[in-house]
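**Q** The structure is given below, and queries will be raised subsequently.
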Amino acid sequence: MPETSGVTAVTIECSVNGTSYRATVEARLTLADFLRERCGLTGTHLGCEHGVCGACTVLVGGRAVRSCLMFAVQAQGREVTTVEGLAGPGGALSAVQEAFRSEHGLQCGFCTPGFVVAATAFLADNPDPSEAEIREAMSGNLCRCTGYQGILRAVAVAAHATASAGREELK
Amino acid sequence: MKPAVFAYHAPASVEEALDLLRELGDDAKVLAGGQSLVPMLSMRLSVFPHLIDVGNLGELDGIRIDEERVTVGAITCDSLVERDAGVADAAPLLSRVTPYIGHLAIRNRGTLGGSIAHADPAGEYPAAALALDAEMVVRSAGSQRRVGASEFFTGLWSTALNPEELLVEVDFPRWKGRSGFAVAEHARRHGDFAIAGAVVGVTLDADDRIVRAGIGLFGMASTPLRASTAEADVIGRTYTDCDSEQIGHLSVEGLDDVVADTSGSAQYRRQVGAAMVARAWSEAVNEASNA
């Protein structure tokens, strides 16, 4: 049997925003609590803690997941990216972050990390989405303030900005 | 909203997982993607002393397609099923039901085998498995058996799996000939639990007669259901003789444990279920007749 068999505490190693972490955690610790409490990355927010609201969305291996529905031990050996890991060098906002600011894609900000991370993963897969695709992709995240219009606009603007930047690079 | 303490097991092979299941039996629960199990643990609707994590067992991951069947490894994630071009061609219904499962972030972790073993009556994959005549490949230490979908779902969140058994893969037969497939689902928001939904597979012969029909219902009762009476009724008839609304009504007739909850009464669910069958039937027949 491997050393991880039948134990209530497990030592894990994973990478978060490019930094390696090694920690002994309770097996029942969710990835969300690991990120917030053990890594000090409180940008990942916890709303419902049962997979409905999407505020805790992070990237694992580049794909969006609910960090409240994953145990930290399941991130063993994986690369995790949180909202803190999206900005460029010197804190330059990413295209999605910039668009959320310019299009008023947030009010109180509680749901924002989840939306920004989910939108980032979505646009990486689908750089030129239709409005209907944007709505569907964002339907897994709840916002109680904005009425969503600014958020949907922000994702569309971010897609456009990324596409323009890509065209510039090709020139 | 924190799960209770459990002992965590990460077996390195299926054999090790089966040994653990034999040893721990009912005290253990298998963890795959965790998209249904973790919320239940967090809300403490269920408590298990042991969790056996099969999420890293590569032998349970992936899709194989041959002339006869599409075989999906138990821990193959939903988003892979959704994107796989081979699945879209060989088992179109699987590709079409997957986008209805939760949201993208859920489908990135949720697994096909997990959904079927969890056996939520509102789940899309269990109903698709029923309608398509899928077979579950089930292993325990030293033995393997196959369980037809019609025998697999035994009650609310209950299956024919014994405590020492592990679902390792699901075999979906490829439907040949002029076949069509469709899903229709009604939920308050996209990705929510279905209030009622239906999946349909239908095959026509060269004279437009229905030679095979599979109608699965979900969200209606304590298990996913197969509308056997309606299926028997349409076999041998030409599709133009079949009225989709009538098939819908026949599909929900005689159901005696339709769920009533805050989303609606049993009567409402029956009506929605009938409408979903009618919608999916029309679409599936339309596809088959143009094939």
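**Q** So, in the stretch A:58-85, of the ones that are more than 12 Å from residue B:34 (Cβ to Cβ) and touching a Pro at 6+ places or on another chain (Cβ under 9 Å), which residue ends up most open to solvent (accessible area, probe 1.4 Å)?
**A** Checked the stretch A:58-85; the qualifying residue most open to solvent (accessible area, probe 1.4 Å) is A:84.
**Q** While we're here: Somewhere in the stretch A:96-106, is a residue surrounded by fewer than 20 Cβ atoms within 10 Å (Cβ to Cβ) and hydroxyl-bearing (Ser, Thr, Tyr)?
**A** Applying the first criterion (surrounded by fewer than 20 Cβ atoms within 10 Å (Cβ to Cβ)) to the stretch A:96-106 yields A:98, A:101-104.
Now restrict to residues that are hydroxyl-bearing (Ser, Thr, Tyr): A:102.
For the stretch A:96-106, residues surrounded by fewer than 20 Cβ atoms within 10 Å (Cβ to Cβ) and hydroxyl-bearing (Ser, Thr, Tyr): present.
**Q** Scanning the stretch B:181-198 for residues that are in a strand (DSSP E or B) and either in the same structural domain as residue B:16 (by TED's automatic domain parsing) or among the hydrophobic types (A, V, I, L, M, F, W, C) (or both), which turns out surrounded by the most Cβ atoms within 10 Å (Cβ to Cβ)?
**A** Just the residues of the stretch B:181-198 that are in a strand (DSSP E or B), to begin with: B:181-186, B:196-198.
Keeping just the survivors that are either in the same structural domain as residue B:16 (by TED's automatic domain parsing) or among the hydrophobic types (A, V, I, L, M, F, W, C) (or both) gives B:181-184, B:196, B:198.
Details: B:181: 25, B:182: 23, B:183: 25, B:184: 24, B:196: 28, B:198: 34.
Result: B:198.
**Q** Which members of the stretch B:45-89 meet the condition of being under 17 Å from the mean Cα position of the chain (by Cα), among the polar types (S, T, N, Q) and assigned to a loop (DSSP other than H, G, I, E, B)?
**A** Result: B:76, single match.
**Q** Let me confirm something: among A:77, A:54, A:43, A:47, which residue is part of a loop (DSSP other than H, G, I, E, B) and facing chain B (nearest Cβ under 8 Å)? Walk me through how you get there before you give the answer.
**A** Details: A:77 fails: facing chain B (nearest Cβ under 8 Å); A:43 fails: facing chain B (nearest Cβ under 8 Å); A:47 fails: facing chain B (nearest Cβ under 8 Å).
After applying the criteria, what remains is A:54.
**Q** Conditions: (1) of a type outside the set (Phe, Trp, Tyr); (2) touching a strand residue (DSSP E or B) at 6+ places or on another chain (Cβ under 6 Å); (3) within 14 Å of another protein chain (Cβ to nearest Cβ). Residue B:57 meets all but one. Number of the miss?
**A** Result: residue B:57 passes all but (2).
**Q** While we're here: Which of the residues that make up the stretch B:78-111 are in contact with a Ser or Thr (Cβ under 6 Å, 6 or more places away or on another chain) and either over 19 Å from residue B:38 (Cα atoms) or surrounded by fewer than 19 Cβ atoms within 10 Å (Cβ to Cβ) (or both)?
**A** Passing the criteria: B:81, B:82, B:87, B:88.
**Q** Could you list all residues from the stretch A:26-40 that are over 14 Å from residue B:34 (Cα atoms) and at the interface with chain B (Cβ under 10 Å from one of its Cβ atoms)? Before you say what the answer is, go through the steps one by one.
**A** Residues of the stretch A:26-40 over 14 Å from residue B:34 (Cα atoms): A:26, A:32-40.
Answer for the stretch A:26-40, where residues must be over 14 Å from residue B:34 (Cα atoms) and at the interface with chain B (Cβ under 10 Å from one of its Cβ atoms): A:26, A:33.
**Q** Let me confirm something: among B:31, B:21, which residue is closer than 19 Å to residue B:106 by Cβ, in contact with a strand residue (DSSP E or B) (Cβ under 8 Å, 6 or more places away or on another chain) and either among the aromatic types (Phe, Trp, Tyr) or not assigned by TED's automatic domain parsing to the domain that holds residue B:162 (or both)?
**A** On the way: B:21 fails: closer than 19 Å to residue B:106 by Cβ.
Testing whether each residue is closer than 19 Å to residue B:106 by Cβ, in contact with a strand residue (DSSP E or B) (Cβ under 8 Å, 6 or more places away or on another chain) and either among the aromatic types (Phe, Trp, Tyr) or not assigned by TED's automatic domain parsing to the domain that holds residue B:162 (or both) leaves just B:31.
**Q** Among B:151, B:135, B:124, B:169, which is the only one that is open to solvent by 10 Å² or more (accessible area, probe 1.4 Å) and without any contact (Cβ under 8 Å) to a residue 24 or more places away in the chain?
**A** Working: B:135 fails: without any contact (Cβ under 8 Å) to a residue 24 or more places away in the chain; B:124 fails: without any contact (Cβ under 8 Å) to a residue 24 or more places away in the chain; B:169 fails: without any contact (Cβ under 8 Å) to a residue 24 or more places away in the chain.
Residue meeting the stated conditions: B:151.
The values are calculated or read from the model by the stated rules, or taken from the named source; none is laboratory data. Computed from a predicted structure; not experimentally measured. Every residue, glycine as well, gets a Cβ built from its backbone with ideal geometry; the counts of neighbours run over all protein chains shown. The accessibility values were calculated without ligands, DNA or RNA, using every heavy atom of the protein model including side chains. Shrake-Rupley method; radii C 1.70, N 1.55, O 1.52, S 1.80 Å.
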